[in-house]
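Chemist: Here it is, the structure in full.
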Amino acid sequence: MQKDLIKKRFGKSLNSYENCAIVQKEMAKKLIEKLSYKFYDNILEIGCGTGVLTKEIIKNIGFKNYIAVDIVSDCKNYINKISDRINFTESDIEKYYPDYNQNLVISNASLQWVEDLPEIIKKINTYLSKNGEFVFTIFGKENYREFSQFVESPLKYYDLKELKEICKDFKIIAIEDEIKMIEFDSPREVLHHIKNTGVNALSHTVWTKSDLVHFEESYPKNSNGNYCLTYHPIYVWLGKL
């Protein structure tokens, strides 16, 4: 996993992310709805980005301490505007370890970017407090299925069965998924959407003019004559055993 490339691509998409992250905003709201408590002493948010999930937490959850971690340093500017009570930390979450145990570890649409998901989930279990919760969203194997016909994803996607096995050391409160479709007027709009949400962060593909023409001519239409992009969110709510 090329972390420098991830930082560069996501850093460039920060200004456009909020307007384009339609599905990610819906995911954040749903994740918050099933939290067991309305107050946590210590919250750790993984991959805070521009604060899509952060805003939902601030509106709905009380806390004493809140750490928001992201690999992109410029995310600090966005988080500071949301609340001066949040401690932003620039770090690769796979190398990060908090100074104290956390009552809630939470992440929205970011853990698909880690190099070793099973290992990071084990690590989080070590610093989760008694009766603590670990809740997150991640994308499943149907994600971007239309686009994957043209560019192979470097990410490893998991299905529900695999995630249940990875999370077996936790109390599994719920794991569920859904399919969400976004419609666009043209294939080129699909490309712009992907670029504006930073999801091309690991793609080295340099498209020629003929590649673009092939993409526009071959991208599948739906019955309405529009061009769809599939999202496959998976929601995971876990408790400390």
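Chemist: For segment 139-241, which helices (runs of 4 or more DSSP H) that fit wholly inside it have 1 or more residues that are modelled with pLDDT under 95? Can you show your working first?
Modeler: Values: elements: 160-166, 187-196, 209-218.
Result: 187-196, 209-218.
Chemist: Tell me the residue from Asp74, Asp84, Asp99, Asp92 that is touching a residue at least 24 places away in the same chain (Cβ under 8 Å) and out of contact with any Leu (no Cβ under 9 Å at 6 or more places or on another chain), please. Can you show your working first?
Modeler: Details: Asp74 fails: out of contact with any Leu (no Cβ under 9 Å at 6 or more places or on another chain); Asp84 fails: touching a residue at least 24 places away in the same chain (Cβ under 8 Å); Asp99 fails: touching a residue at least 24 places away in the same chain (Cβ under 8 Å).
From the options Asp74, Asp84, Asp99, Asp92, the qualifying one is Asp92.
Chemist: Residues in segment 120-152 that are hydroxyl-bearing (Ser, Thr, Tyr) and in contact (Cβ under 8 Å) with a residue 24 or more places away in the chain: how many?
Modeler: 4
Residue by residue, here is whether (1) surrounded by fewer than 23 Cβ atoms within 10 Å (Cβ to Cβ); (2) touching a helix residue (DSSP H, G or I) at 6+ places or on another chain (Cβ under 9 Å); (3) under 22 Å from Ser91 (Cα atoms) holds:
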residue: Leu5; (1), (2), (3): yes, no, yes
residue: Ala28; (1), (2), (3): yes, yes, yes
residue: Lys59; (1), (2), (3): yes, yes, no
residue: Asp70; (1), (2), (3): no, yes, yes
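Chemist: Report the residue count in segment 212-233 for those that are acidic (Asp, Glu) and either under 16 Å from His192 (Cβ atoms) or touching a residue at least 60 places away in the same chain (Cβ under 8 Å) (or both).
Modeler: In the first step, residues of segment 212-233 are kept if they are acidic (Asp, Glu); the result is 216-217.
Then keep just the ones that are either under 16 Å from His192 (Cβ atoms) or touching a residue at least 60 places away in the same chain (Cβ under 8 Å) (or both); that gives 216.
Of the residues in that region, 1 qualify.
Chemist: Among residues belonging to segment 14-48 that are small (Gly, Ala, Ser) and modelled with pLDDT under 95, point out the one that is farthest from Lys240 (Cα to Cα).
Modeler: The qualifying residue farthest from Lys240 (Cα to Cα) is Ser16.
Chemist: With the checklist (1) in a helix (DSSP H, G or I); (2) aliphatic (A, V, I, L, M); (3) without any contact (Cβ under 8 Å) to a residue 40 or more places away in the chain in hand, flag the one item Val23 doesn't pass.
Modeler: For Val23, the exception is condition (3).
Chemist: Another one. Pick from Leu212, Leu191: which is surrounded by fewer than 18 Cβ atoms within 10 Å (Cβ to Cβ), more than 25 Å from Gly239 (Cβ to Cβ) and of a type in the set (A, V, I, L, M)? Please lay out each step first, then the result.
Modeler: Details: Leu191 fails: surrounded by fewer than 18 Cβ atoms within 10 Å (Cβ to Cβ).
Just a single option satisfies the conditions, and that option is Leu212.
Chemist: From the list Asn87, Asn60, which one is over 17 Å from the mean Cα position of the chain (by Cα) and either at pLDDT below 95 or under 19 Å from Ala21 (Cβ atoms) (or both)?
Modeler: Numbers: Asn87 fails: either at pLDDT below 95 or under 19 Å from Ala21 (Cβ atoms) (or both).
When all the criteria are applied, what remains is Asn60.
The values are calculated or read from the model by the stated rules, or taken from the named source; none is laboratory data. Everything numeric in this text was worked out from a predicted model, so none of it was measured. Positions of Cβ are generated from backbone atoms using ideal geometry, with glycine treated the same way; all protein chains shown enter the neighbour counts.
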